[in-house]
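A quick write-up on the structure given underneath.
No value in this document is a laboratory result; all are computed from the given coordinates. Just so it is clear, the structure is predicted and the values come from calculations on it, not from any experiment. Cβ sites come from the backbone with ideal geometry, for glycine too, and all protein chains shown count toward neighbours.
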Amino acid sequence: MLTMTDHAASIVKDLTDRVTGTDTGGLRIATLDSDPTNYEVTMTPTPRGDDLVVENGGAHVFLEPVAATALADKQLDASVDDNGAVRFSIAAQV
């Protein structure tokens, strides 16, 4: 199952609080219909019915089924640049 670094969890939680304003919201990762090797990342107030939910420190990541399978052995990390832009990265679990 996809894991989140503590840093990613902190950033996801902060984004969720600001964008959705709910405790149940999270970052949703889904494959693109046009190219299942690329992902769409959105903030959403709740998971969809078939989403796998990953939680760390109150942060939620919702994975649609194809993305959940593709990212099962990966780890999500995140960083914020000097301008406040968030960048997510996915790498092999350590």
* Structure fact -> Over segment 41-76, the set of residues part of a strand (DSSP E or B), over 9 Å from the mean Cα position of the chain (by Cα) and of a type in the set (Val, Ile, Thr) is Thr44, Val53
* Structure fact -> Selection over segment 18-68 where residues are of a type in the set (Val, Ile, Thr), in contact with a strand residue (DSSP E or B) (Cβ under 9 Å, 6 or more places away or on another chain) and farther than 18 Å from Ala8 by Cβ yields a count of 5
* Go through segment 41-57 and count every residue that is closer than 15 Å to Val19 by Cβ, surrounded by fewer than 18 Cβ atoms within 10 Å (Cβ to Cβ) and not hydrophobic (A, V, I, L, M, F, W, C). => 3
* Within segment 70-89, track down each residue that is free of Cβ contacts under 8 Å to residues at least 40 places away in the same chain and surrounded by 14 or more Cβ atoms within 10 Å (Cβ to Cβ). => Ala70
* Tell me which residues, restricted to segment 25-40, are assigned to a loop (DSSP other than H, G, I, E, B) and surrounded by 13 or more Cβ atoms within 10 Å (Cβ to Cβ). => Gly25
* Structure fact -> Only one of (1) loosely packed, with under 15 Cβ neighbours inside 10 Å; (2) touching a residue at least 24 places away in the same chain (Cβ under 8 Å); (3) farther than 13 Å from Met1 by Cβ does not apply to Gln93, and that is (3)
* Structure fact -> Taking segment 58-69 and keeping only residues that are in contact (Cβ under 8 Å) with a residue 24 or more places away in the chain and surrounded by fewer than 18 Cβ atoms within 10 Å (Cβ to Cβ), one is left with Gly58, Val66
* Considering (1) under 19 Å from Ser79 (Cβ atoms); (2) touching a residue at least 24 places away in the same chain (Cβ under 8 Å), say which one Asp23 fails and leave the rest. => (1)
